[in-house]
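Structure, as structure tokens:
The values are calculated or read from the model by the stated rules, or taken from the named source; none is laboratory data. Remember, predicted model here, so these are calculated numbers, not experimental data. All Cβ positions, glycine included, derive from the backbone under ideal geometry; neighbour counts span all protein chains shown.
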Amino acid sequence: MLATYFDNVYPDDPDTLVSVPDFIKHFASSEKQPTKMLDDFASILAETSQLFGKVAADFIVQAGLRFITRLILEIHSKSEPTHKVDRYAIFLRELSGIPEAYTMFIFPKDLPYNLYVQALPLLREVINFMNDITSFYKEECENEMHNLISLLSEACRELKSETLCNVVKRCIQAHERILGVLSPHEEVHSSYEKFVKGYLAFHLGTKRYRLSKLNL
């Protein structure tokens, strides 16, 4: 929730705008953050190792710090006249989606990470792409151009509708491959299936995405 908050208020909130660029410096030095919200975010990251296993905690903290980096990069990217590199658009999305953290939240703590870690690259795609697909309508209504579909469309010089279809195909392919990778382990496989159903239901049912207007 804190990441969503920062995503919404940065850079419009003056305090957040000033404080975010120095977040990692303060975090690495165990210094208090300038704002309460940033300090709470730092505290959550610092406490991660108490709640998750070593590898899982590492992934979550790294994802949180990469998210902060993405906030800064995105502001600078908005000043660029064009986005010509499709991989850069994907790179920004990988930073912003915090997919590694969400992946660690899918599986019970007592499940060995080696049972699902090989699916991590594919899980990142499903987590990010499902959000990109379901939020696209809202972003078009708001004329929001700095999102994956718009940036990829610009980089690939194709219609947004074509880019959207391509992202949907990639998401489905990644999902099917994940099912195959996780199939030898029933509990891991079941955890992922439950997550996907809940993740999709959340996006379809949340007013934020305005999908009820499409009568899906």
Name the residues in segment 1-29 that are touching a helix residue (DSSP H, G or I) at 6+ places or on another chain (Cβ under 8 Å) and either assigned to a loop (DSSP other than H, G, I, E, B) or among the hydroxyl-bearing types (Ser, Thr, Tyr) (or both), would you?
TYR5, TYR10, PRO11, THR16, SER19
Among residues belonging to segment 134-150 that are touching a residue at least 24 places away in the same chain (Cβ under 8 Å) and in contact with a Lys or Arg (Cβ under 7 Å, 6 or more places away or on another chain), point out the one that is surrounded by the most Cβ atoms within 10 Å (Cβ to Cβ).
LEU148
Residues of segment 81-104 classified as touching a helix residue (DSSP H, G or I) at 6+ places or on another chain (Cβ under 8 Å) and not in a loop (DSSP other than H, G, I, E, B), total:
15
State whether the residues of segment 162-175 include one that is at pLDDT below 90 and not assigned by TED's automatic domain parsing to the domain that holds LEU73.
no
Restricting attention to segment 19-33, which residues are without any contact (Cβ under 8 Å) to a residue 40 or more places away in the chain, farther than 14 Å from ILE44 by Cβ and not polar (S, T, N, Q)?
ASP22, LYS25, HIS26, ALA28, GLU31, LYS32
Picking from ASN128, ASN114, ASN143, ASN166, which residue would you name as being within 16 Å of the chain's Cα centre (by Cα) and not charged (D, E, K, R)?
ASN128
Test each condition in (1) crowded, with 19+ Cβ neighbours inside 10 Å; (2) closer than 26 Å to GLU74 by Cα; (3) small (Gly, Ala, Ser) for ALA155 and report the one that comes out false.
(1)
One residue is enough: does segment 206-215 have a residue meeting the conditions within 19 Å of VAL126 (Cα to Cα), of a type outside the set (Phe, Trp, Tyr) and loosely packed, with under 13 Cβ neighbours inside 10 Å?
no
How do the helices (runs of 4 or more DSSP H) wholly within segment 107-216 filter down when requiring 2 or more residues that are among the polar types (S, T, N, Q) and under 30 Å from LEU51 (Cβ atoms): which remain?
120-141, 186-205
Residue pairs, Cβ under 9 Å, 6 or more apart or interchain, first in segment 184-200 and farther than 14 Å from PRO112 by Cα, second not in a helix (DSSP H, G or I). List them.
TYR192/PHE107; TYR192/TYR116; PHE195/PHE107
